[in-house]
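J.: Before we start, here is the structure in question, set down as C-alpha cells.
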Amino acid sequence: MLEHLLMGSRLESMLMVLAVLVGLGWFTDSLFEWLTDIGTWLEGGTVEHWIPLHRVLAVGFFAALLIRLRALAEATRERFRPRIETMVAPPRARALILYLSALSEEQLDELAGAIDSLDGLDAFRARHGGLNWRMPIEAIAHHRAHLSRIVLVCSGDEPRRPGSASQRLLFEQLVKRCFPDCEFTIEVAEDDHREADRGIDFNDIDAVVRLTDTAFERLVEKARIAPADILIDITGGSKLCSVAGSVVALAEGRRMQYVTGQYQVRVQDVSYVLLDDGEH
C-alpha cells in the first residue's frame, strides 16, 4: 500500500516522498550527533547540551511523519481491490504445480492395460480423452516447449478408494508416453511434516496451502526459477485444492492457471489496484 501511496503522481504523494527523505536524513544526522556526544563523554570529555532543540525537532518530525504514514496506509487499505487479468494466450512457463486427481479403479485398469501402446499425445486424446487426467496432460502440453519441472501434489489413500499418490508412477509413465522428446523432470511436492509418497488429505485445506507454498518456494530458492515462470494449476484435485492454490497464488508476482472444459489453458494474474475517489 505504501508503495502505491508514495509512488503516485499526485502532488500530495510527491510532497510526502520529499518529507520522508528529509525527515529520515534529519533524524539520522541527529542520531549520529548523539552517538558522537556519547563517545566524547566516555572519553572523559564534557557535553554541554545533551538535548539540543534541533535534535528534539528532528525526532519529533520523524515520529509524526511515521504516524501520518500509518494513518494514510490504514485509510488506503479499504480502497484496494483485487484485479484479475485472464490471459487467453498465456506465455509458456518453466514450472508447473499440479494437483493430481485419482482415477477410478476402472479408469486405472483401462489406462494401465493400454499405456505401453500409447504413442504420443494425439493417441492419448483419441483413446483416453475422457479421463480426468486429460486436464493436467493438456496443461503440460501448452507449456512443454519451455517446461523444465513439474511438481505433483497428490492425495493420500482413503478407506474406500485409493489416492493419486499410489497412482503417481502411472501418471509419470503417461506423461513420458505423451511427450517422449521432452526433458522436464517430474517430482512430488514434499515438506518436513510427512512422507512425500503417502500423499496428502485434499480436504485439509491448511495442509494443502502449506504444501503448495513450500513447493513454490523450493522452485524459487533451489531450482532458481523466477516466480513469474511458475504456474499453480488449480484444475485438478478437490474444490478445496482450487481454493488453496488460489490463496497461494494471491501473493504478488504469482500466477495460477486452469484448463477449461474445452481444454483451453487460461492463466490468471492477480494484482491489487487503488480505487479512485468515488469508485466502488
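The values are calculated or read from the model by the stated rules, or taken from the named source; none is laboratory data. What you see is a predicted model; the values in this text were computed from it and never measured. Cβ sites come from the backbone with ideal geometry, for glycine too, and all protein chains shown count toward neighbours. Heads up: the accessible areas ignore ligands, DNA and RNA and are worked out on the full protein's heavy atoms, side chains in. Shrake-Rupley method; radii C 1.70, N 1.55, O 1.52, S 1.80 Å.
J.: Taking the residues in region 212-224 that are farther than 20 Å from residue 155 by Cα and of a type in the set (A, V, I, L, M) as candidates, determine which candidate is surrounded by the most Cβ atoms within 10 Å (Cβ to Cβ).
T.: If we take residues in region 212-224 being farther than 20 Å from residue 155 by Cα and of a type in the set (A, V, I, L, M), then 219 is surrounded by the most Cβ atoms within 10 Å (Cβ to Cβ).
J.: For the subset of region 143-170 comprising residues that are farther than 19 Å from residue 239 by Cβ and over 26 Å from the mean Cα position of the chain (by Cα), which member is most open to solvent (accessible area, probe 1.4 Å)?
T.: 160
J.: Identify, from the list 118, 108, 174, the residue that is under 26 Å from residue 266 (Cβ atoms) and in contact with a helix residue (DSSP H, G or I) (Cβ under 7 Å, 6 or more places away or on another chain). Give the steps one after another, and end with the answer.
T.: Values: 118 fails: under 26 Å from residue 266 (Cβ atoms); 108 fails: under 26 Å from residue 266 (Cβ atoms).
Answer to the selection: 174.
J.: Moving to a separate point now. Scan region 225-255 for residues that are open to solvent by 20 Å² or more (accessible area, probe 1.4 Å) and either of a type in the set (A, V, I, L, M) or at pLDDT 95 or above (or both) and report the count.
T.: Of the residues in region 225-255, 8 are open to solvent by 20 Å² or more (accessible area, probe 1.4 Å) and either of a type in the set (A, V, I, L, M) or at pLDDT 95 or above (or both).
J.: Something else now. Looking only at residues in region 60-90 that are surrounded by fewer than 12 Cβ atoms within 10 Å (Cβ to Cβ) and assigned to a loop (DSSP other than H, G, I, E, B), which one is modelled with the lowest pLDDT?
T.: 78
J.: Within region 204-213, can you find the residues that are part of a helix (DSSP H, G or I) and more than 10 Å from the chain's Cα centre (by Cα)?
T.: Kept after step one, since they are part of a helix (DSSP H, G or I), are these residues of region 204-213: 205-213.
Result: 205, 206, 207, 208, 209, 210, 211.
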